[in-house]
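Everything below concerns the one structure shown next.
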Amino acid sequence: MKIICIGRNYVDHIRELNNAVPGEPVFFLKPDTALLIRNRPFYYPSFSTDIQYELELVLKINKVGKHIQKQFAMTYCDEIGLGLDMTARDLQENAKKKSLPWAAAKGFDQSAPISRFFPLSRFSDTRNISFHLNLNGSTVQKGNSSLMIYSFEDIISYVSRFMTLRTGDLIYTGTPAGVGPVKIGDVLEGWLEEEKILKCGIK
Ligand code: MG
């Protein structure tokens with residue numbers, strides 16, 4: 001399986017990192033070795049001094065598809081969860097300056113803590129799903145799928161022009177504003193609507 005991550009999909013987050021609003025979705029990949037499941041702890045890696053959290057809605061693909069048209073896009077995914085796009089921001093900023101790829105900054109081991117998944121049918125409107133992240137008990141990120149520049153349908157359709165989507169692939173759909181650094185001892189907790197479904201302690 002592969003993990004596809006959308007960058008720059010919330011205007012408020014684009015502004016906080018001084019990036020430009022993209023004309024098309026921006027995406028990158030994490031390898032399957034990045035997955036961190038069952039609320040296991042995240043071990044602070046030695047190669048970075050600026051690991052940051054980004055909480056995102058994550059879609060799970062349920063069948064093979066390529067060149068998917070927008071009007072059929074939601075038939076290719078029926079589950080949603082939360083994921084943390086853990087980022088070595090120092091490595092990423094260095095790579096951006098040199099116009100180099102982000103693979104190390106975004107794809108390192110444990111860089112994709114992921115919750116369990118829930119049926120999308122549980123939500124009356126997939127364009128109005130709220131989520132938030134607490135850091136040590138204080139809310140630091142609040143998002144809603146209504147605020148995404150590119151909708152779930154836009155993303156699935158766009159990515160499938162380039163890459164065949166397969167059963168079990170995950171799509172991180174971008175993070176809202178409020179990203180920030182973690183330190184050893186911190187606890188991150190993610191809520192989907194009113195339910196806490198993700199916990200990640202930093203060790
Ligand atoms: Mg992200």
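Only one of L170, L188 is surrounded by 22 or more Cβ atoms within 10 Å (Cβ to Cβ), within 16 Å of the ligand (Cβ to nearest atom) and closer than 19 Å to Q52 by Cβ; which?
When all the criteria are applied, what remains is L188.
What is the one condition in (1) within 14 Å of the ligand (Cβ to nearest atom); (2) surrounded by fewer than 22 Cβ atoms within 10 Å (Cβ to Cβ); (3) small (G, A, S) that A95 does not satisfy?
A95 satisfies every listed condition except (1).
Filter the stretch 30-49 down to residues that are within 15 Å of the ligand (Cβ to nearest atom) and either part of a helix (DSSP H, G or I) or surrounded by fewer than 17 Cβ atoms within 10 Å (Cβ to Cβ) (or both), then give me how many there are.
1
Run R89 past the list (1) surrounded by 23 or more Cβ atoms within 10 Å (Cβ to Cβ); (2) under 20 Å from Y44 (Cβ atoms) and report the number of the one that doesn't hold.
(1)
Of all residues in the stretch 48-63, which are more than 17 Å from G81 (Cα to Cα) and in contact with a strand residue (DSSP E or B) (Cβ under 7 Å, 6 or more places away or on another chain)?
Answer for the stretch 48-63, where residues must be more than 17 Å from G81 (Cα to Cα) and in contact with a strand residue (DSSP E or B) (Cβ under 7 Å, 6 or more places away or on another chain): S48, D50, I51, Q52.
Is it true that some residue in the stretch 134-146 is of a type outside the set (S, T, Y), part of a helix (DSSP H, G or I) and in contact with a strand residue (DSSP E or B) (Cβ under 6 Å, 6 or more places away or on another chain)?
no
Using beta carbons and a limit of 7 Å, which pairs, at least six apart or on different chains, have the first residue in the stretch 134-161 and in contact (Cβ under 8 Å) with a residue 24 or more places away in the chain and the second one assigned to a helix (DSSP H, G or I) and of a type in the set (V, I, T)?
Correct list of pairs: I149/V11.
Just one of L100, L135 is aliphatic (A, V, I, L, M) and more than 22 Å from I184 (Cβ to Cβ); which is it?
Values: L135 fails: more than 22 Å from I184 (Cβ to Cβ).
Among L100, L135, only L100 is aliphatic (A, V, I, L, M) and more than 22 Å from I184 (Cβ to Cβ).
Laboratory data are not the source of any read-out in this text; all were calculated from the coordinates shown. Only a predicted model underlies this, so the values are computations on that prediction, with no experimental measurement involved. Reconstructed Cβ throughout: ideal geometry from the backbone, glycine too, with neighbour counts over all protein chains shown.
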